[in-house]
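Scroll down for the structure; my scribbles are underneath it.
The values are calculated or read from the model by the stated rules, or taken from the named source; none is laboratory data. In this text, all values refer to a predicted model and were calculated from it rather than measured experimentally. Cβ atoms come from the backbone with ideal geometry, glycine included; neighbour counts cover every protein chain shown. To get the accessible areas, we keep the full protein, side chains included, count just its heavy atoms, and leave off ligands, DNA and RNA. Shrake-Rupley method; radii C 1.70, N 1.55, O 1.52, S 1.80 Å.
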Amino acid sequence: MICLLEVSILDILKTTLLYDFYGELLTDKQKEIYELFYQNDMSLTEIGAELGISRQAVRDQLKRTEKILSEYEDKLRLVERFMANKSSAGRIRKLIDELERTSELSENSLSIAEQIREAVDEITE
């Protein structure tokens with residue numbers, strides 16, 4: 001059961017990232033249903049009641065929206081590149097930490113290392 005829960009959480013995280021990158025490309029209705037479900041934690045039935053549509057219509061729209069987000073990612077690969085950049089940034093930070101820990105660096109070198117850290121943080125924000 002834990003394995004299924006982990007997959008579900010990973011799916012939600014992936015969908016959230018896709019929405020962060022491509023959400024503005026959706027219609028207002030698609031955004032509204034997505035946000036009510038994922039961000040407001042409303043059930044399909046609750047969303048249907050609020051919007052005056054059936055639970056099945058909400059589910060269909062939600063699935064269609066998730067498919068659209070995935071198709072944008074398949075074409076543009078923005079989330080994939082973001083995750084790769086984030087991973088590379090983490091490696092850079094570890095290398096800087098290792099350099100500081102294993103070497104006697106001058107004040108100037110320590111200042112440069114800190115500037116590199118800040119630049120890496122800016123890239124991944």
Under-5 Å amide H pairs with Met42, H placed in peptide plane, nonlocal only: Phe37
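Which loop-located chymotrypsin sites (Phe, Trp or Tyr not before Pro) does region 1-98 contain, where loop means any DSSP state but H, G, I, E or B and the Cβ has at most 13 other Cβ atoms within 10 Å?
none
Please compute the contact order of region 2-122 in relative form: average sequence separation of alpha-carbon pairs under 8 Å and at least six residues apart, divided by the residue count, as a percent.
Values: 53 pairs, mean separation 26.2, N = 121.
In percent, rounded to a whole number, it is 22.
Using a 1.4 angstrom probe with every protein chain in place, what is the largest-first accessible-area order of Leu17, Leu62? Before the final figure, lay out each step's value.
Numbers: Leu17 45, Leu62 10 Å².
So the residues, ranked largest to smallest area, are Leu17, Leu62.
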For region 67-79, what does the Karplus curve 6.51 cos²θ - 1.76 cosθ + 1.60, with θ = phi - 60°, yield as ³J(HN,Hα) per residue in whole Hz, taken in order and with x for Gly and Pro? 5, 4, 4, 5, 5, 4, 5, 4, 7, 9, 6, 5, 5
Stretchable slack from Ser111 to Met83, in nm (0.36 nm times residue separation minus alpha-carbon distance): 7.3 nm
Virtual spin-label span in nm between Thr16 and Leu76, 7 Å along Cα→Cβ: 2.0 nm
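Kindly provide the helix-only [θ] at 222 nm of the chain, computed as the sum of -39,500 (n - 2.57) over DSSP H runs of four or more divided by all residues, to the nearest 500 deg cm²/dmol? Could you put the intermediate results ahead of the total?
Numbers: 6 runs with 101 residues, N = 125.
Result for the chain, helices only: -27000 deg cm²/dmol.
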At a Cα cut-off below 18 Å, give the lysines reachable from Lys75, other chains included and same-chain residues fewer than 8 away excluded. Lys14, Lys67
Mind listing the phi-derived Karplus ³J(HN,Hα) values for region 103-113, rounded to whole Hz, using 6.51, -1.76 and 1.60 with θ = phi - 60°, and x for any glycine or proline? 10, 8, 9, 6, 4, 4, 5, 5, 5, 5, 4
Modelled label-to-label distance, Thr102 and Thr27, 7 Å Cα→beta-carbon offset: nm? 5.7 nm
Which cross-chain or sequence-distant (5 or more) residues have an amide H under 5 Å from the amide H of Leu26, H modelled 1.01 Å from N in plane? none
Cα-based Debye curve of the chain sampled at q = 0.09 Å⁻¹ gives log₁₀ I(q)/I(0) of -0.43
